[in-house]
Amino acid sequence: MNANEIYTGLAALVLMLIVFRLVLRRPKDAPKRVAIAGLGPIGLKVMQALDAGIAELALAAVAVGDPTKPRPELDRLARQPPIVPLAALEETADMVIECAPAALLRPIVQPFAARGKTAVVLSVGALLENWDLVDAARQSGWQIAVPTGALIGLDAVTAAAEGVIHSVRM
């Protein structure tokens, strides 16, 4: 198993724990509809976990950079989510998990914020450039959830994996 696979698996696990914790806080009426923005390695793992079944959660839709690109990984799912444009993602879900490039943070999170919905943000550094979203969350009561700080160390391992890694000690 290489560093990227370890990072991807751990990141997906942490995300799902955050999402599950958020779900436990809401009334048990209908499953919470979850949208995923971005189907890179982490988005794929999250999508597969949701498809496998997580209590109180339902995969509602995904948004990707190139919707025309073949997605064979979707064919392996028990329930294939629709691929929707980023602008339409909010209409499909109660919460979004942002797994996209940092430059797309605002167009992903802002529509969910405008409706008081939850956003789980992977591009935590991009929040610094979009701090008004954090302020809006505080004022209106909607949630921005971020993965634990442990992922920062894993980001460093992933970045180092661009070269040669002989050893990693955590």
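The values are calculated or read from the model by the stated rules, or taken from the named source; none is laboratory data. Just so you know, these numbers come straight off a predicted model, no measurement behind them. Virtual Cβ from ideal backbone geometry, glycine too; neighbours counted across all protein chains shown. Please note that ligands, DNA and RNA were not included when accessible areas were found on the heavy atoms of the full protein model with its side chains. Shrake-Rupley method; radii C 1.70, N 1.55, O 1.52, S 1.80 Å.
Provide a single number: the residues in the range 59-94 that are closer than 15 Å to Gln48 by Cα and in contact (Cβ under 8 Å) with a residue 60 or more places away in the chain.
0
Can you tell me which residue in the range 11-42 is modelled with the lowest pLDDT, limited to those that are over 12 Å from the mean Cα position of the chain (by Cα) and within 23 Å of Ala87 (Cβ to Cβ)?
Lys32
Search the range 43-70 for residues being of a type in the set (D, E, K, R) and closer than 19 Å to Ile108 by Cβ, and hand back the single one that is nearest to the chain's Cα centre (by Cα).
Ranking the candidates gives Lys45 first.
So Ala100 fits all but one of (1) open to solvent by 30 Å² or more (accessible area, probe 1.4 Å); (2) assigned to a loop (DSSP other than H, G, I, E, B); what number is the exception?
(1)
Which condition number in (1) among the acidic types (Asp, Glu); (2) open to solvent by 80 Å² or more (accessible area, probe 1.4 Å); (3) outside any helix (DSSP H, G or I) is the one that Asp66 fails?
Every listed condition holds for Asp66 apart from (2).
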